[in-house]
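Below is one structure, written out as structure tokens; comments come after it.
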Amino acid sequence: MIKLVVLVVIVKFVLANLSSMKFLSPALLVLLCLFCNIQTALAQESNISKDSLLILVEKTYTQQHDFDYKGAIATSAIIEKEALKTNNYIFAAKGNLRLGSVYLSMRDSSNSLSHYRKALNYAILSKKDSLIRGVYNDIGNAYMETGGDLQKARENFEKAIEISKKAGEEDKDRLASILNVAWVYINLEKPSEALPYLNTCRRIIESNTERHPLYSINLDILRGRYHMLRNRGSHAIFLLKGAAQRANDGDFIQQELEAQSFLSEGYQKNGNLAEAIESLKVEKKLESKYNTIIREQQFQEASAKLKLAQYEIDLNKAKVEQTISHEKATTSRLLSNIFIVASIILLAAFIAAFLLYRGRRKIVKKLNENNDQLIKAKEEAERLSKLKTQFFSTVSHELRTPLYGVIGLSTILLEDENLGGHKDDLKSLKFSADYLLALINDVLTLNKVDANGMKLERAPFNLKKLVNNITNSFAFSLEQNNNKIQVSIDETLPTNLIGDSIKLSQILMNLVGNAVKFNENGTIEIVIKSLGKNRKGLYETQFFIKDNGIGIPLEKQESIFEEFSQIESNNYNYQGTGLGLPIVRKLLDIYDSKIDLKSSPGNGAIFSFVISLEENVKNINEFSVINEVISPTESVFENMHILIVDDNKINQKVTQRILETRHFKTTLADDGLQAIEQVQKNKFNLVLMDIHMPKMGGIEATERIRSYNKTLPIIALTAVEIEEARANIINAGMNDIILKPYDVAQFLTTILRHLSVTQEV
């Protein structure tokens with residue numbers, strides 16, 4: 001009779017809550033199913049052993065895994081009852097821990113937390129610290145999994161850690177709780193509070209290789225999210241990619257999906273749109289796969305709950321028919337209400353499935369929209385990149401043209417013996433102009449590398465003379481800082497090589513310039529070693545640039561290769577753009593090489609890299625004065641007549657003065673039309689042709705000259721980027737290109753090379 005009263009009270013409670021739609025959990029139906037069984041079991045006595053209790057605990061895991069919630073709850077209740085007969089609080093706690101876990105699987109957070117708290121009371125009575133610590137950790141997990149109070153979750157995890165420390169347990173025993181605290185702080189977007197816990201987890205995992213790989217994967221996901229909160233996109237992406245890969249290798253789809261989700265976010269924040277799109281695609285596939293698994297689990301859960309409800313219905317129907325047959329009307333209403341409850345639960349399951357399906361469609365739609373936005377953003381970025389490239393090309397021409405005049409005139413004036421009193425001032429002027437030119441070249445190089453607009457050229461060059469020209473260009477800077485340069489080149493390395501001397505020069509100029517800038521009263525060493533030939537017959541050549549300057553701290557050795565990054569020091573105040581080392585790294589990427597750095601504060605720095613160079617086996621017989629600065633007193637070129645075609649009067653004057661001081665005969669033309677007239681009227685040994693001019697440009701003028709004169713050497717003398725104009729210049733019939741502003745020695749070298757060809761003809 002008492003059982004009937006309790007049963008009626010429970011059913012009335014169910015009906016009272018149905019109207020407010022608050023009762024959708026099957027928990028009370030489970031209690032209805034088990035009420036009679038538990039009541040009967042309490043009346044029985046048993047002397048069940050600890051081994052048997054342990055077997056029952058293992059049985060509940062199997063039952064829960066197989067979605068046999070009814071059996072798992074019944075078995076857990078038996079564990080608690082039998083354990084309490086002998087005051088075995090350890091197994092009484094374990095029985096309630098299993099009940100809490102089962103109810104958590106059924107999304108019944110209220111009953112789950114209730115049994116976890118009951119388990120905590122028994123654990124405290126048992127005085128077993130490891131059990132108490134485990135219960136606190138499970139309570140914290142329950143708060144997190146049900147989307148509850150994260151602060152309460154954190155408090156329970158920290159209690160678990162505190163108990164473990166007092167008990168003298170090893171660090172690995174409380175790893176789960178420490179990791180969970182970090183997880184809470186990351187979810188609360190409090191990276192500073194999460195950091196010590198992340199570091200502790202990392203130390204524990206690295207010293208305990210036998211730990212489950214999920215700990216390592218989850219830790220790297222949290223570390224990746226931590227760096228994202230700190231706006232360290234590169235570190236976050238590195239960690240999340242590793243976590244995603246390991247999760248994929250271990251078939252941990254939930255962890256892989258989570259890692260990919262944050263990885264795509266990290267790519268977007270870091271501006272890596274292409275990688276973000278690819279990551280979103282992977283995330284979308286994983287989400288589809290994960291949702292399929294979840295739907296299968298939900299179907300099994302719904303089936304289990306339906307079986308549980310049916311079991312409750314059948315059980316109560318039989319007991320009601322057996323014990324209260326005289327109350328048929330009451331029994332009929334009771335069974336009807338139970339059927340209603342079962343129907344509502346079934347309906348709730350279908351509604352949940354429908355909501356899940358609709359939610360998935362919304363997510364897919366949102367992903368497609370985000371994908372479209374990323375594609376548009378990528379197209380816009382490519383358009384802006386092209387505009388930027390065009391802008392830099394225009395600025396390059398406009399800046400190099402006046403620089404040509406400044407550098408050229410300062411070079412001419414330095415050769416004037418009558419201006420010896422102003423020699424230092426002229427050196428300073430030329431140094432400033434050269435510095436500005438180097439800055440322009442750095443910006444343009446960076447722009448072209450970022451736009452994938454650079455490739456390696458193949459041209460003959462003399463390695464010793466290339467290095468000598470580089471050291472000579474730093475004469476003023478060396479004098480200012482009281483430094484000296486020492487050069488050592490492996491004798492087994494050929495002097496005449498084939499390669500991209502311009503890019504190699506730019507790499508060495510930036511590295512040597514960096515050493516000169518951060519060194520005072522010291523020595524800069526340029527060491528070039530041969531590592532022998534590779535399979536392709538190329539010389540593997542290693543370059544070292546050493547200095548004994550201020551050095552670079554270890555923590556800054558990676559950041560100095562980032563654009564616009566500079567070293568700050570209390571004792572030095574250096575100026576610069578922060579582009580030199582990033583350009584070195586990107587140029588070496590084109591060579592499929594990497595820069596290596598060894599340094600420490602106060603001990604200088606050693607930069608090194610290895611590239612492949614080809615030996616120039618051809619015997620190039622040019623004027624002996626090629627690559628040397630020709631003395632102004634030479635008169636061997638008095639019969640050499642050169643036509644200078646340039647619309648800029650200052651540039652005309654600079655070029656004319658340089659040639660006439662070497663006793664060349666020169667004639668001037670302001671545009672392409674005048675150049676054609678002069679070539680038709682006079683006999684010239686060579687033409688220096690500007691590209692962009694009014695009336696007629698250098699390309700068209702060259703094409704017209706080639707229609708009736710195939711042998712006259714024509715050299716492009718232009719401020720336009722060589723990579724942008726090379727094809728048009730060569731196709732028009734020009735023999736070579738000189739980029740303004742130029743080095744006088746290189747300028748004369750190019751001219752003499754083609755004059756020699758003319759003389760041989």
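Taking the conditions exactly as written (over 16 Å from residue 492 (Cβ atoms) and surrounded by fewer than 20 Cβ atoms within 10 Å (Cβ to Cβ)), does residue 534 satisfy them or not?
No, not satisfied.
Count, please, the residues in segment 537-553 that happen to be touching a helix residue (DSSP H, G or I) at 6+ places or on another chain (Cβ under 9 Å) and closer than 15 Å to residue 492 by Cα.
Total meeting the criteria: 2.
Does residue 704 satisfy the condition of being more than 23 Å from residue 649 (Cα to Cα) and modelled with pLDDT of 90 or more?
The answer is yes for residue 704.
Per-residue answers, yes or no, for (1) open to solvent by 10 Å² or more (accessible area, probe 1.4 Å); (2) closer than 28 Å to residue 549 by Cα; (3) of a type in the set (Asp, Glu); (4) touching a residue at least 12 places away in the same chain (Cβ under 8 Å):
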| residue | (1), (2), (3), (4) |
| --- | --- |
| 497 | no, no, no, yes |
| 502 | yes, yes, no, yes |
| 505 | yes, yes, no, yes |
| 509 | yes, yes, no, yes |
| 512 | no, yes, no, yes |
| 515 | no, yes, no, yes |
| 519 | no, yes, no, yes |
| 530 | yes, yes, no, yes |
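Could you list, in sequence order, all residues of segment 458-489 that are under 18 Å from residue 540 (Cβ atoms) and surrounded by fewer than 14 Cβ atoms within 10 Å (Cβ to Cβ)?
458, 488
So is residue 73 buried (at least 23 other Cβ atoms within 10 Å of the Cβ), touching a residue at least 12 places away in the same chain (Cβ under 8 Å) and aliphatic (A, V, I, L, M) or not?
Considered against the rule, which asks whether it is buried (at least 23 other Cβ atoms within 10 Å of the Cβ), touching a residue at least 12 places away in the same chain (Cβ under 8 Å) and aliphatic (A, V, I, L, M), residue 73 comes out as yes.
Show the residue pairs that are 6+ apart or on different chains and have beta-carbon atoms under 8 Å apart, the first residue being within segment 585-603 and in a helix (DSSP H, G or I), the second being of a type in the set (Asp, Glu) and surrounded by 12 or more Cβ atoms within 10 Å (Cβ to Cβ).
So the pair list comes out as 586/450.
If the Cβ limit is 7 Å and pairs must be 6+ apart or interchain, which residue in segment 355-384 that is modelled with pLDDT of 85 or more and assigned to a helix (DSSP H, G or I) pairs with which residue that is of a type in the set (Gly, Ala, Ser) and surrounded by 14 or more Cβ atoms within 10 Å (Cβ to Cβ)?
If the second residue must be of a type in the set (Gly, Ala, Ser) and surrounded by 14 or more Cβ atoms within 10 Å (Cβ to Cβ), the pairs left are 374/276.
So, in segment 335-377, how many residues would count as being surrounded by 14 or more Cβ atoms within 10 Å (Cβ to Cβ) and over 25 Å from residue 106 (Cα atoms)?
6
How about segment 164-175: which of its residues are of a type outside the set (D, E, K, R) and crowded, with 22+ Cβ neighbours inside 10 Å?
164
Consider residue 717 carefully, then state whether it is hydrophobic (A, V, I, L, M, F, W, C) and at pLDDT 90 or above.
no
Kindly establish whether residue 76 is in a helix (DSSP H, G or I), within 26 Å of residue 178 (Cβ to Cβ), in contact with a helix residue (DSSP H, G or I) (Cβ under 7 Å, 6 or more places away or on another chain) and modelled with pLDDT of 85 or more.
For residue 76, the condition - in a helix (DSSP H, G or I), within 26 Å of residue 178 (Cβ to Cβ), in contact with a helix residue (DSSP H, G or I) (Cβ under 7 Å, 6 or more places away or on another chain) and modelled with pLDDT of 85 or more - is not met.
How many residues are touching a Lys or Arg at 6+ places or on another chain (Cβ under 8 Å) and open to solvent by less than 10 Å² (accessible area, probe 1.4 Å) if we restrict to segment 582-606?
Going through segment 582-606 one residue at a time, the tally reaches 4.
Considering only segment 651-679, state which residues are closer than 14 Å to residue 747 by Cβ, open to solvent by less than 40 Å² (accessible area, probe 1.4 Å) and within 53 Å of the chain's Cα centre (by Cα).
Answer for segment 651-679, where residues must be closer than 14 Å to residue 747 by Cβ, open to solvent by less than 40 Å² (accessible area, probe 1.4 Å) and within 53 Å of the chain's Cα centre (by Cα): 651, 654, 655, 658, 659.
Return the residues of segment 121-154 that are assigned to a loop (DSSP other than H, G, I, E, B) and at negative phi; say none if nothing qualifies.
Matches in segment 121-154: 128, 146, 148, 149.
The values are calculated or read from the model by the stated rules, or taken from the named source; none is laboratory data. Bear in mind that the values here come from a model prediction, so they are computed numbers and not experimental data. Glycine gets a Cβ as well: all are built from the backbone with ideal geometry, and neighbour counts include every protein chain shown. Protein only, heavy atoms only, side chains kept; ligands, DNA and RNA dropped before computing areas. Shrake-Rupley method; radii C 1.70, N 1.55, O 1.52, S 1.80 Å.
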